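Undergrad: Could you have a look at this structure, given as structure tokens, before my questions?
What follows draws every value from the coordinates through simple rules; no lab data is involved. The shown structure was predicted, so the numbers you read here are calculated from the model rather than taken from an experiment. We place every Cβ from the backbone using ideal geometry, glycine too, and count neighbours over all the protein chains shown.
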Amino acid sequence: MGSLFHYDFIIRALEAGLLIGAIAPLIGIFLVLRRYSLIADTLSHVSLAGVAIGLLMKVNQLITAIAASTISSVVIDKLRTSKKIYGETALSIFLSGSLALAIILIGLAHGFNVDIFSYLFGSIVTVKNTDLYIISILSIIIILLLSIFFKELIYISFDEESAQVSGIKVKTLNTFFILLAAAMIAISIPIIGILLISALLVLPTVTALQYKKSFKTTLIIGEIVSLFSVMTGLIISFYLNISPGGTIVLLMLTIFCLTLFYKNFFVKQN
């Protein structure tokens with residue numbers, strides 16, 4: 001086995017992983033604080049339907065996944081806020097419906113001849129130059145927009161009613177945030193895989209929250225956990241020839257368990 005930096009595909013994977021690892025806690029911390037974690041699972045399954053559409057139409061699957069997840073996120077948000085359908089019910093409808101659609105479309109696209117596991121669990125060889133450009137552009141947009149509306153999103157996360165009374169356009173920002181989350185989920189597919197995206201968003205933040213620090217410190221800890229897990233997981237998966245998504249999530253889960261062990265057995269005793 002040669003040096004991993006001798007291969008173009010692993011360099012692309014590491015670059016994509018660096019971007020995804022950086023923006024995951026930025027989205028994840030707001031999802032966890034607002035108890036929106038289930039949205040990540042739902043939109044990841046919607047993204048699978050988007051991938052299936054791309055396979056059927058023979059176009060870039062990342063583009064169709066982004067389109068499917070962003071459009072669905074707006075519809076889900078409208079259903080949730082209309083109060084005609086309970087929030088969790090809307091998510092369940094889209095989760096099961098998009099999964100059923102994906103299965104049918106993959107069958108029509110002769111999906112058994114496609115390495116569908118690379119979409120489900122991630123693969124370091126599936127990141128193409130086009131995908132890297134899309135991931136880079138969307139990552140920059142997500143970071144810029146989150147930095148612009150950072151204070152408003154924090155306010156809404158902790159007290160939505162007070163934020164609305166103070167003049168913040170809560171509904172507009174909620175829709176805006178869901179769109180960013182949908183885009184982030186879709187671009188994570190090549191690295192982490194559709195079935196494990198929610199863990200990428202949730203685990204670093206939940207780990208950081210165990211330390212009970214300020215919002216910014218929690219975000220920094222989440223960034224460290226996310227970047228370390230993603231980059232280390234990609235390197236390990238290259239040398240052991242295993243799924244990068246599963247490796248990354250297991251690393252995150254290990255860090256989370258070690259954090260719990262440290263907080264429960266060492267901090268309490270002191």
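Undergrad: Go through region 235-258 and give me each residue that's among the β-branched types (Val, Ile, Thr) and part of a helix (DSSP H, G or I).
TA: Scanning region 235-258 gives 235, 236, 247, 248, 249, 254, 255.
Undergrad: For residue 232, which of the numbered conditions (1) assigned to a helix (DSSP H, G or I); (2) under 29 Å from residue 81 (Cβ atoms) fails to hold?
TA: (2)
Okay, residues lined up against (1) in contact with a strand residue (DSSP E or B) (Cβ under 6 Å, 6 or more places away or on another chain); (2) aliphatic (A, V, I, L, M); (3) within 17 Å of residue 90 (Cα to Cα):
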{"position": "12", "(1), (2), (3)": "no, no, no"}
{"position": "23", "(1), (2), (3)": "no, yes, no"}
{"position": "27", "(1), (2), (3)": "no, yes, no"}
{"position": "39", "(1), (2), (3)": "no, yes, yes"}
{"position": "51", "(1), (2), (3)": "no, yes, no"}
{"position": "71", "(1), (2), (3)": "no, yes, yes"}
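Undergrad: Residue by residue through region 148-162, note down the ones that are exposed (fewer than 14 other Cβ atoms within 10 Å of the Cβ) and free of Cβ contacts under 8 Å to residues at least 24 places away in the same chain.
TA: Listed by number, the residues that qualify are 148, 151, 159, 161, 162.
Undergrad: If you go through region 163-210 one residue at a time, how many are without any contact (Cβ under 8 Å) to a residue 40 or more places away in the chain, touching a helix residue (DSSP H, G or I) at 6+ places or on another chain (Cβ under 7 Å) and in a helix (DSSP H, G or I)?
TA: 4
Undergrad: Tell me whether region 150-160 contains one or more residues that are farther than 15 Å from residue 33 by Cα and either of a type outside the set (D, E, K, R) or over 18 Å from the mean Cα position of the chain (by Cα) (or both).
TA: Scanning region 150-160 turns up no residue that is farther than 15 Å from residue 33 by Cα and either of a type outside the set (D, E, K, R) or over 18 Å from the mean Cα position of the chain (by Cα) (or both).
Undergrad: Residues 141, 197: which one is surrounded by 24 or more Cβ atoms within 10 Å (Cβ to Cβ) and of a type in the set (A, V, I, L, M, F, W, C)?
TA: 197
Residues checked against (1) under 18 Å from residue 20 (Cβ atoms); (2) surrounded by 23 or more Cβ atoms within 10 Å (Cβ to Cβ); (3) not basic (Lys, Arg):
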{"residue": "172", "(1), (2), (3)": "no, no, yes"}
{"residue": "182", "(1), (2), (3)": "yes, yes, yes"}
{"residue": "220", "(1), (2), (3)": "yes, no, yes"}
{"residue": "244", "(1), (2), (3)": "yes, yes, yes"}
{"residue": "252", "(1), (2), (3)": "yes, yes, yes"}
{"residue": "255", "(1), (2), (3)": "yes, no, yes"}
